[in-house]
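Undergrad: Structure incoming, see below.
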Amino acid sequence: MQNLAVRTFESRDQQAVSHLYDQGLLAGQIAPNDSGADIDNMREAYFDSDRHHFWVAELDAKVIAMIGVASDEPHTAEIRRLRVDPNYQQSAIAAKLLEIAIAHCKHHGYLKVRLDTRFERDAAVGLFDNVGFQHTRTKSMHGKDLLEFYLDLYRQDKPDGE
């Protein structure tokens, strides 16, 4: 994917981001714990602090993936809205977006990164595992499983025994 470019969200991306969000809804339904308000208010949700951010991945001038980083806690970031167009889900785009988001978290001094997903797809779980996330728990919410993962940034890149 030589023409793939990952860049900061711009207002012109709103329609594409909303479409990716809608595509990622389980059975076309917004989860009871998810209002989707961040998608409608990108500036307030992801650009209110330099520690928060939102990226899109573009291929041949078409937005095909997205990811965001936000936080309600000083030392813990949350990866949000990782979505890849279904036509590209077997590619390395999600891994590239996670790499960029994690580098952002490290740069801004977060010690821990969380994410959750309602999808039990082996590929998604395998991707999180390959990046270093650990599955912490599975909660049942309104008949659907919510898988929670975390990554300890302060333990990464340390020699054995430390």
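The values are calculated or read from the model by the stated rules, or taken from the named source; none is laboratory data. Worth saying up front: this structure is predicted, and the values here are computed from it rather than measured. Heads up, the Cβs are rebuilt from the backbone with ideal geometry, glycines too, and the neighbour counts pull from every protein chain shown.
Undergrad: Between a first residue in the range 44-58 that is on the phi < 0 side of the Ramachandran plot and a second residue that is of a type in the set (S, T, N, Q) and in a loop (DSSP other than H, G, I, E, B), which pairs have beta carbons less than 9 Å apart while being 6 or more apart in sequence or on different chains?
TA: Note: pairs meeting the criteria are Ser49/Ser71; Arg51/Ser71; His52/Ser71; Glu58/Asn3.
Undergrad: Let me ask something else about it. Given the conditions (1) surrounded by fewer than 18 Cβ atoms within 10 Å (Cβ to Cβ); (2) assigned to a loop (DSSP other than H, G, I, E, B), report the number of the one that Glu58 does not fulfil.
TA: (2)
Undergrad: Out of everything in the range 40-55 that is assigned to a strand (DSSP E or B) and aromatic (Phe, Trp, Tyr), what residue ends up being surrounded by the fewest Cβ atoms within 10 Å (Cβ to Cβ)? So that I can check it myself, show each step before the final result.
TA: Step one: filter the range 40-55 for residues assigned to a strand (DSSP E or B), giving 53-55.
Now restrict to residues that are aromatic (Phe, Trp, Tyr): 54-55.
Numbers: Phe54: 24, Trp55: 21.
Only one residue fits best here, namely Trp55.
Undergrad: Can you spot a residue in the range 87-110 that is at pLDDT below 95, within 28 Å of Glu44 (Cβ to Cβ) and in a strand (DSSP E or B)?
TA: No - not one qualifying residue is present in the range 87-110.
Undergrad: Kindly indicate the residue of the range 20-51 that is at pLDDT 65 or above and touching a Lys or Arg at 6+ places or on another chain (Cβ under 8 Å) and also nearest to Lys139 (Cα to Cα) among those meeting that condition.
TA: Gly24
Undergrad: Let me ask something else about it. Working only within the range 85-103, note down all residues that are within 12 Å of the chain's Cα centre (by Cα) and touching a residue at least 40 places away in the same chain (Cβ under 8 Å).
TA: Ile93, Lys96, Leu97, Ile100, Ala101, Ile102
Undergrad: Being under 12 Å from Tyr46 (Cα atoms) and either surrounded by fewer than 22 Cβ atoms within 10 Å (Cβ to Cβ) or touching a His at 6+ places or on another chain (Cβ under 6 Å) (or both) is the filter here; which residues of the range 64-79 pass it?
TA: Residues satisfying the conditions are Val69, Ala70, Ser71, Asp72, Glu78.
Undergrad: So which of Lys158, Lys139 ends up being at pLDDT below 85 and in a strand (DSSP E or B)? Outline the logic, then answer.
TA: Values: Lys158 fails: in a strand (DSSP E or B).
It is Lys139.
Undergrad: Right, another one. Could you list, in sequence order, the residues of the range 71-112 that are touching a helix residue (DSSP H, G or I) at 6+ places or on another chain (Cβ under 8 Å) and within 20 Å of Asp13 (Cα to Cα)? So that I can check it myself, show each step before the final result.
TA: Here is the first cut: in the range 71-112, the ones touching a helix residue (DSSP H, G or I) at 6+ places or on another chain (Cβ under 8 Å) are 77, 79-86, 89-90, 94-95, 98-99, 102, 105-106, 110-112.
Within the range 71-112, Ile79, Arg80, Arg81, Leu82, Arg83, Val84, Asp85, Pro86, Gln89, Ala94, Leu98 qualify.
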